[in-house]
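Q: Dumping the structure here so I can ask a few things about it.
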Amino acid sequence: MKSSSSKSAVPIVVRRALAKLGADISAARRRRGITQQLMSERAFTTPNTLRRVERGDPTVSIAGYATVLFVLGMTERLAELADPAEDPVGRDLAEEQLPKRVRPSRPREEA
């Protein structure tokens, strides 16, 4: 099997997160009693791509993962991944950029 350079560039924590996502997708599919063949048909993909998704392969497009989640009825979770309401670091950074004080604006002089 060929090794992709994009695979080796993926940080280990990301690979672990994708592996967990893949395992969770596999478990969700099996809990629903859906075969890999049927799931791949419903997701308009090949059984090989579905196996790669379930292994957490980082070379599968996000659309592949999203479509499989759609088939499982879990699309709303995908939409919440980068939700600003769930981004404490982003909120902290935005708060640091707030001005120390706010002054009223001066009225413009007309010429």
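Since every read-out is calculated from the coordinates, none of them should be taken as a lab result. All values derive from a computational prediction rather than experimental measurement. Neighbour counts run over all protein chains shown; Cβ positions are idealised from the backbone, glycine included.
Q: If we count trypsin sites (Lys or Arg not before Pro) as exposed when they sit in a DSSP loop and have at most 16 other beta carbons within 10 Å, what is the longest stretch of the chain that avoids them all?
A: Value returned for the longest uninterrupted segment is 33-99.
Q: Would you calculate the separation in nanometres between label points at THR46 and GLU76, each defined as 7 Å from the Cα along the Cα-to-beta-carbon direction?
A: Each label point lies 7 Å from its Cα, and together they span 3.5 nm.
Q: Would you compute, from DSSP H runs of 4+ residues alone, the mean residue ellipticity of the chain at 222 nm, taking -39500 (n - 2.57) per run and dividing by the full residue count, rounded to the nearest 500? The partial results should precede the final answer.
A: On the way: 7 runs with 64 residues, N = 111.
The helix contribution divided over the chain gives -16500 deg cm²/dmol.
Q: Additional query: For Cα extents along the principal axes in Å, the listed values are (i) 41, 37, 22; (ii) 74, 31, 29; (iii) 74, 31, 24; which was obtained by calculation from the structure presented?
A: (ii)
Q: Only loop residues by DSSP count here, and only those with at most 14 other Cβ atoms within 10 Å; note down the GluC sites (Glu not before Pro) in region 12-111 that meet that. Please list the in-between numbers first.
A: Working: sites: GLU41, GLU54, GLU76, GLU80, GLU86, GLU95, GLU96, GLU109, GLU110; in loops: GLU80, GLU109, GLU110.
Loop-located and lightly packed - GLU80, GLU109, GLU110.
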